[in-house]
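Asks: Mind looking over this structure? Questions follow.
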Amino acid sequence: MKPLIGISCGTFRDHAWCPPSYGHRQTYVDAILRAGGAPLLIPPVTDEATLRVLYERLDGILLAGGGDIAPSTYGDAPHEKLGLVDSARDDSELPLARWAIAEAKPVLGICRGIQVINVALGGTLYQDIPSQVSDSLRHTLSYEREDWTYMAHDISIDPNSRFAQLMGVQAMTINSLHHQSLKELAPGLQAVAWAPDGIVEAVEGQGDSFVVGVQCHPEALQASADPRWQALFLAFVESCAAYRPNSALAASLTHP
Ligand code: MN
């Protein structure tokens, strides 16, 4: 059985007169399908008991990209350059991340997702890199060019990290569509890649389970712009498949 991988949805508003839509970009679904997983879109659910029902069914969680996380979730006051926040999404994704990491269920965080992982574990964020980090690069360049595959800046990867082993390289050039980034790293996380200006571009967990966050958008690169990123999705899906037989849900289904 293919592992069931939840992709956390964003809230999209196309017309003011229409109710908002929950969903996510096709590239996330494509990346999971290509890696052999069964993707399932997870809407923001703020009732914890209901969220837990969804969580229990999943073999892994992909925390996808999106808008800014409310600074109240990491004890900060809103900065004037804070973008749109979606508190329902925060209230859904933060517990998902905490549960998964505590219970060794694989988690992959992309862009906003690396920030969700960090905040969920007690870290903080720069709310706006250009105004809070001096001499920073333009981390919104791929966004400004309206090109998800535009390679905006280099990253260097800690050669001793599992992430380096996984990717098989110690340096890459990546896309960049974020104005926020990790500030204080949460306990239990290790920074494993950095932009030339010092901004953290990837983290991994210090335990045995799969916890990886990247600040770039590999789901937009893996199909053709940089297929090396397929290794990340493959490793994630394989970890989800390995987690599955050990899950309490699988045990309860086998032995009712
Ligand atoms: Mn960047």
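Asks: Between Q206 and W17, how high is the FRET efficiency from 1/(1 + (r/R0)^6) when r is the Cβ-Cβ distance and R₀ = 51 Å? Nearest 0.05. Walk me through the numbers before you get to the answer.
Replies: Details: r = 49 Å, r/R0 = 0.95.
Plugging the Cβ-Cβ distance into 1/(1 + (r/R0)^6) gives 0.55.
Asks: Going Cα to Cα from K81, which lysines come in below 21 Å? Please leave out same-chain ones fewer than 8 positions away.
Replies: Cα-Cα hits under 21 Å: K183.
Asks: Output the peptides 74-84, 204-214, 105-115 sorted from most to least packed, where packing is the average of other Cβ atoms within 10 Å over each peptide's residues.
Replies: 105-115, 204-214, 74-84
Asks: Pop the C-beta distance of S131 and K2 into the FRET formula with R0 = 30 Å and round what comes out to the nearest 0.05.
Replies: 0.10
Asks: Please compute the contact order of the chain in relative form: average sequence separation of alpha-carbon pairs under 8 Å and at least six residues apart, divided by the residue count, as a percent. Intermediate results must be reported in sequence, preceding the final value.
Replies: Values: 538 pairs, mean separation 51.4, N = 256.
Once normalised by length, the contact order is 20 percent.
Asks: Need the list of lysines near K105 for cross-linking: C-alpha distance under 20 angstrom, and skip anything on the same chain fewer than eight residues off.
Replies: Counting by Cα, and skipping residues close in sequence, K105 has these lysines nearby: K2.
Asks: So, one more: Taking 0.36 nm per residue of separation and subtracting the Cα-Cα distance, what length does fully extending T149 through S87 add? Each step should come with its number before you reach the end.
Replies: Working: separation 62, 0.36 × 62 = 22.32 nm, distance 2.90 nm.
Using 0.36 nm per residue and subtracting the Cα-Cα distance, I get 19.4 nm.
Asks: Simple spin-label model, 7 Å along Cα-to-Cβ: S156 to E103 in nm?
Replies: Inter-label distance under the simple model: 4.0 nm.
Asks: What distance in nm separates the two pseudo spin-label positions at A49 and R138, each 7 Å out from Cα along the beta-carbon direction?
Replies: The two pseudo-label positions are separated by 5.2 nm.
Asks: Now for a different question. Rounded to the nearest whole Å², what accessible area per residue is found for the chain with the 1.4 Å probe?
Replies: 45
The values are calculated or read from the model by the stated rules, or taken from the named source; none is laboratory data. It should be emphasised that the depicted structure is a prediction, and the values quoted were computed from it without experimental measurement. Positions of Cβ are generated from backbone atoms using ideal geometry, with glycine treated the same way; all protein chains shown enter the neighbour counts. The area values use the complete protein model at the heavy-atom level, side chains included, leaving out ligands, DNA and RNA. Shrake-Rupley method; radii C 1.70, N 1.55, O 1.52, S 1.80 Å.
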